[in-house]
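Engineer: One structure follows; several queries about it will come next.
The values are calculated or read from the model by the stated rules, or taken from the named source; none is laboratory data. A quick note: this is a predicted structure, and the numbers were derived from the prediction, not measured. Glycine gets a Cβ as well: all are built from the backbone with ideal geometry, and neighbour counts include every protein chain shown.
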Amino acid sequence: MRIWPYCHILCCMNRTVNTTYRRDARVLRALASETRLLIVNRLAQGECCVCELVELVGCDQSTVSKHLATLRDSGIVEGERRGNHVYYRLLSPGVMSVLSCVAKMSGRLDGQPGESDEPQD
């Protein structure tokens, strides 16, 4: 039976923890965009075509596609090609719980001003 040194065990644990936090950070970075938040909010209502998201966001299709790629790479949405169109849907509905917590923190749900609502000098 081999006994691993304590520092080796900690190093392995830290690697696992770092990998977990790295994945979490990727998801949070994907959500750190007003445009992507708008897209996620729309997809929470049901799947839709990229062309509808282009109209909603008000950007060209290539820009919306880049935002969707970021969301897809982080596991938040997935797309499905149907003929000439790609339809996206929310893959992780739990993300809406996270956004609800953010809304509470920023004061949007209880009517109190959030940090960005305060006058700036």
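Engineer: Report whether or not GLY83 is farther than 20 Å from ALA30 by Cβ and at pLDDT 90 or above.
Structural biologist: yes
Engineer: Within the range 14-65, restricting attention to residues that are of a type in the set (Ser, Thr, Tyr) and assigned to a helix (DSSP H, G or I), which residue is farthest from GLU78 (Cα to Cα)?
Structural biologist: Restricting to residues being of a type in the set (Ser, Thr, Tyr) and assigned to a helix (DSSP H, G or I), the top hit is THR16.
Engineer: For the range 95-107, indicate whether the set of residues that are part of a loop (DSSP other than H, G, I, E, B) and at pLDDT below 90 is non-empty.
Structural biologist: Yes, the conditions are met somewhere in the range 95-107.
Engineer: What residue, among those in the range 53-89 that are of a type in the set (D, E, K, R) and exposed (fewer than 15 other Cβ atoms within 10 Å of the Cβ), is nearest to ARG23 (Cα to Cα)?
Structural biologist: Out of the qualifying residues, it is ASP73.
Engineer: Could you list, ordered by first residue, the pairs with Cβ atoms under 8 Å in which the first is in the range 12-40 and closer than 19 Å to SER65 by Cβ and surrounded by 11 or more Cβ atoms within 10 Å (Cβ to Cβ) and the second is of a type in the set (Lys, Arg) and at pLDDT 90 or above, at least 6 apart or interchain?
Structural biologist: If the second residue must be of a type in the set (Lys, Arg) and at pLDDT 90 or above, the pairs left are ALA30/ARG36.
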